[in-house]
Every structure is written in C-alpha cells, then in structure tokens.
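To keep things clear, I will list the structure first and then write my remarks on it.
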Amino acid sequence: MALSLQVLFLLTILSLAPSILIMMTSFTRIVIVLSFVRSALSTQQMPPNQILIGLALFMTFFIMAPTWQEINQNALQPYLAGEIDGETALGEAMAPLREFMFKQTREKDLELFVAMSRSPRPENPEDVPTNVLIPSFIISELKTAFQLGFMIFIPFMVIDMIVASTLMSMGMLMLPPVMISLPFKILLFVLVDGWYLVVRSVLLSFR
C-alpha cells in the first residue's frame, strides 16, 4: 500500500510538472521577454518557437539551480532515504520555492489576493498561504515581463517611425515600411550585441 501511494504521488507530481515549471519558476518572465524581442524585430517566426522555448528552459534551469539544489538536499534525498515522510518532504520542498517567489512578488499583488481570499492579514511570510502566493507571483512576473518588453520595443519603434516618415516624405506610400526597416533593426540588434544585452537584463532582473 505504501509503495502504491508513492507511485501515485510520483505520477501526480509528473503530471503537474509542466504547470509547476511554468507558473512557479522564472520561465514565464523569460519566455515573454524573448517573445517581445522577436515581435520588436518583426522577424515573424525567426527565431523559431522551439529555439525561444529551449533558451527559456535552459535559462530557467540556470536561475532556479540554487533553489532546486536546496530542494534536492533538504526534501528529495531525505525522502528517498526514508528519513522523512511525504508530507514533511513536500513542506521542505515548498520552502525554497516560496522564498524564491516572495523575492519576485510585489507587495501590492500579494495584498490583492490576501484581501480577495478574506483571510487574516499575515504577520510574516510564513502566514501567507501558498494558494495566495502563487497567483500573486504570476501577475508580478507578467508585469515585470511587460516592463522589460516595453523597454525592448522603444529603439525598434523609433526605427519604424523614422523609416515610415522618410518613405512618406519621398512619396513612396505603396512600399511597406517594415520591408525597409527590418534590415536596419537586425543590423542595430547585431551591432549592440542584442542577445547578450537581453539575456543579461533578464538575469539581473531576478537579483
């Protein structure tokens, strides 16, 4: 019976793994920012979705590595060794994840879900329920990702405006401005080493 419960618990974790990876880690912010980069460049499907998602996954592994090491050391290995039970292991595993999410969650978003849940005002982070913390973390990640995306869009929008104004002044109204601005945007992105700057900004945003 104990073995059957362990198998059921493992299958449950595996089925929830994609949601956990997307919603409780840095993946959401990273993949949104990378999507903004592609949209700002107006390169349609270049880089392909597989490349962006793969890069976002490996950046997530890099950022979350200290958290996952702590989970492995304090929860997984003791549980596999039979030193702690499943409930204790789950609590030990959630502690590093909660700490990571608290660092990235805005107080305003946390207050919103605490108020909507009609739960008592928490005195310390340990009093905040996980079902309140997770949606607060998600909307905070969305806001931060859109802020970074807006900053990425600005220089490319300026190029589009300059090209469109130039074409209008020359009377070339039938020529799509995107066709002319695309090479200039790619050239600018390459000259400033854009991927380095984007990845560096995303990594620094988690400190």
I need the shape label for the chain. Rule: rounded when a/c is under 1.5, else prolate if a/b > b/c, else oblate, with a, b, c from the alpha carbon gyration tensor.
prolate
Estimate the FRET efficiency between Arg207 and Asp127 by the formula 1/(1 + (r/R0)^6), using the beta-carbon distance for r and 22 Å for R0, to the nearest 0.05.
0.25
Set of lysines near Lys143 by C-alpha distance (under 18 Å), chain-local residues within fewer than 8 positions excluded:
Lys103, Lys108
Assuming a ≥ b ≥ c are the square roots of the Cα gyration tensor eigenvalues, decide whether region 29-122 counts as rounded (a/c under 1.5), prolate (otherwise, with a/b larger than b/c) or oblate.
oblate
Once Ser4 and Gln45 are pulled to full extension, the length gained, defined as 0.36 nm per residue separation minus their Cα-Cα distance, is 10.2 nm
Per residue value of the accessible surface for the chain (all protein chains in place, 1.4 Å probe), Å²:
64 Å²
Mind ranking Glu123, Glu107, Glu70 by accessible surface for me, highest first, 1.4 Å probe?
Glu123, Glu107, Glu70
By how many nm would the segment from Arg106 to Leu57 grow when fully extended, if each residue of separation counts as 0.36 nm and the alpha-carbon distance is taken off?
15.3 nm
How large is ³J(HN,Hα) for each residue in region 117-124, as worked out from phi by the Karplus curve 6.51 cos²θ - 1.76 cosθ + 1.60 (θ = phi - 60°), to whole Hz, x for Gly and Pro?
7, 6, 8, x, 4, x, 7, 8
Shape of region 69-152, Cα gyration tensor, a/c cut at 1.5:
oblate
Pull out the extension gain between Ser165 and Ser19, defined as 0.36 nm times the separation in residues minus the alpha carbon to alpha carbon distance; nm, one decimal.
48.0 nm
Spelling out what I want: for every residue of region 39-44, take phi, set θ = phi - 60°, compute 6.51 cos²θ - 1.76 cosθ + 1.60 (Karplus), and round to whole Hz; glycine and proline get x.
5, 5, 6, 6, 9, 6
Mind listing the phi-derived Karplus ³J(HN,Hα) values for region 180-196, rounded to whole Hz, using 6.51, -1.76 and 1.60 with θ = phi - 60°, and x for any glycine or proline?
8, 6, 4, x, 5, 5, 5, 4, 4, 4, 6, 5, 8, 6, x, 5, 4
What aspartates and glutamates sit close enough to Lys185 to cross-link, taking a C-alpha to C-alpha distance under 13 Å and skipping anything fewer than 8 places away on the same chain?
Asp160, Asp193
In the chain, carbon and sulfur make up what percent of the accessible area (probe 1.4 Å)?
70 percent
Along the charge dipole of the chain, which of Phe206, Val114, Ile154 sits closest to the positive end, that is, farthest toward it, with unit charges on the beta carbon of Lys, Arg, Asp and Glu (+1, +1, -1, -1)?
Ile154
For the chain, size of Cβ-based charge dipole, Lys and Arg +1, Asp and Glu -1, in debye
840 debye
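The values are calculated or read from the model by the stated rules, or taken from the named source; none is laboratory data. Because the structure is a prediction, the values reported are computed rather than measured. Cβ sites come from the backbone with ideal geometry, for glycine too, and all protein chains shown count toward neighbours. We work out accessible area using only protein heavy atoms, side chains counted, and drop any ligands, DNA or RNA first. Shrake-Rupley method; radii C 1.70, N 1.55, O 1.52, S 1.80 Å.
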